[in-house]
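The values are calculated or read from the model by the stated rules, or taken from the named source; none is laboratory data. Note that the structure is a prediction, hence the values are computed from the model and not measured. Cβ coordinates were reconstructed from backbone atoms using ideal geometry, including for glycine residues, and neighbour counts include every protein chain displayed.
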Amino acid sequence: MKVLNSSGASGLAKQAGAALAAQGFDVTGTGNGAGAAARGAVVHYPEGQREAARTLAAAFPKASLMVDDTLSSGFVVDLGKGSPSVVAVPNRVGTDDLPAQPVKAPAVPRSATPTITARVASDTTCSEG
């Protein structure tokens with residue numbers, strides 16, 4: 001699998017790759033993502049590999065799964081803003097402790113768009129008169 005960093009936090013992909021390798025995952029490379037600001041961790045997988053992708057995604061709490069038609073084999077983990085650090089996966093192959101993970105993905109910025117407040121029909125702002 002490849003681990004890509006789209007978060008902007010220098011060294012995040014390398015750090016996550018080391019934590020995955022300690023658990024027995026076969027990490028073939030790390031690098032920078034395409035810059036398309038992914039949110040959180042996204043596991044890209046080829047058609048027919050959903051269960052294996054779910055196992056990998058378990059290392060990233062709240063990770064998203066995405067079928068990727070450009071992949072014929074292997075997986076790509078894209079770490080965007082708000083990505084969690086790698087956690088230990090139950091029943092993992094590797095027995096080493098997870099290495100320290102001091103690099104953190106920056107938080108997802110809050111939207112500058114104002115929040116719309118919902119109202120019910122009885123909340124009228126006009127009156128008949």
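Per-structure values
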item	result
Any chance R119 is assigned to a loop (DSSP other than H, G, I, E, B), modelled with pLDDT under 70, among the basic types (K, R) and exposed (fewer than 13 other Cβ atoms within 10 Å of the Cβ)	yes
Matching entry among A9, A16, A41 (being under 21 Å from P99 (Cβ atoms), touching an Asp or Glu at 6+ places or on another chain (Cβ under 8 Å) and of a type in the set (G, A, S))	A41
Selection within the range 42-58 - within 15 Å of D26 (Cα to Cα) and β-branched (V, I, T)	V43, T55
Top-ranked residue in the range 59-81 [being in contact with a Gly (Cβ under 8 Å, 6 or more places away or on another chain) and crowded, with 17+ Cβ neighbours inside 10 Å; ranked as nearest to F25 (Cα to Cα)]	F60
